[in-house]
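Student: Mind having a look at this structure? Questions to follow.
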Amino acid sequence: LNSEQSTRVYLHQIKMKDCMKNELKGQQTCKTNLAEASVKNEQPDRQKIWKKIAKCLCSFASRFFSNLNFDNSKPRFFAYLVRVLTSFISISEESSKQRLQESLTEVLKELCNNTEFWKASDRLKRFNTASQSICGRKALASLKHLLSILEP
């Protein structure tokens, strides 16, 4: 346990002791206080988790799309990454969206506008097939859709 978690546990134990002392005054009040305390403690933890996920997705996706090469990349992995990013953006908070927007918009614009890249590869067919089955769109269309979601 880190210091913040141990402090929360300690405060929770104190509330439990107080509730036990005041048991005669009303059991329902104690239950309500404990429930409120646990909900208040969970909310900041969830926000921290979402921020960490956004941070990891930003760095990983930025590196992946910057170095995307049809010869060395896996088509299904590409499609699942686009799908995860699209889903994450649709359910995340505004701060996470902004973080993803800042790190991915330029990389995705460069990738989408590189017409030679999209016409020259023989493996593009495999990427289109995988993207069609996972994202419901061809590879370039799914990237453009992701970009449109990211842009304000």
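Throughout, read-outs are computed from the coordinates displayed, never taken from laboratory work. Just so you know, these numbers come straight off a predicted model, no measurement behind them. Heads up, the Cβs are rebuilt from the backbone with ideal geometry, glycines too, and the neighbour counts pull from every protein chain shown.
Student: Looking at S96, S90, which is the one that is touching a residue at least 40 places away in the same chain (Cβ under 8 Å), small (G, A, S), closer than 20 Å to I49 by Cα and surrounded by 18 or more Cβ atoms within 10 Å (Cβ to Cβ)?
Tutor: S96
Student: Please specify each residue of region 100-118 satisfying the condition of being over 22 Å from L57 (Cβ atoms) and either of a type in the set (G, A, S) or surrounded by fewer than 17 Cβ atoms within 10 Å (Cβ to Cβ) (or both).
Tutor: The answer is N113, N114, T115, E116, F117.
Student: Here is a follow-up. Got a sec? Which of S92, S121, S133 is among the polar types (S, T, N, Q) and within 20 Å of S59 (Cα to Cα)?
Tutor: Matching residue, one of S92, S121, S133: S92.
Student: Could you please tell me which pairs satisfy a Cβ distance under 6 Å, a separation of 6+ or placement on different chains, a first residue in region 132-147 that is closer than 25 Å to Q98 by Cβ and in contact (Cβ under 8 Å) with a residue 24 or more places away in the chain, and a second residue that is crowded, with 18+ Cβ neighbours inside 10 Å and β-branched (V, I, T)?
Tutor: As it stands, the answer is C135/V82; S142/V82; L146/V82, since those pairs meet every condition given.
Student: State all residues of region 120-141 that are surrounded by fewer than 16 Cβ atoms within 10 Å (Cβ to Cβ) and at negative phi; if no residue qualifies, say none.
Tutor: If the condition is that a residue be surrounded by fewer than 16 Cβ atoms within 10 Å (Cβ to Cβ) and at negative phi, then A120, S121, D122, R123, K125, T129, Q132, S133, A141 are the ones that fit.
Student: Would you check which residues across region 66-96 are in a helix (DSSP H, G or I) and within 9 Å of the chain's Cα centre (by Cα) and list them?
Tutor: Selection gives V84, L85, S87, F88, I89, I91, S96.
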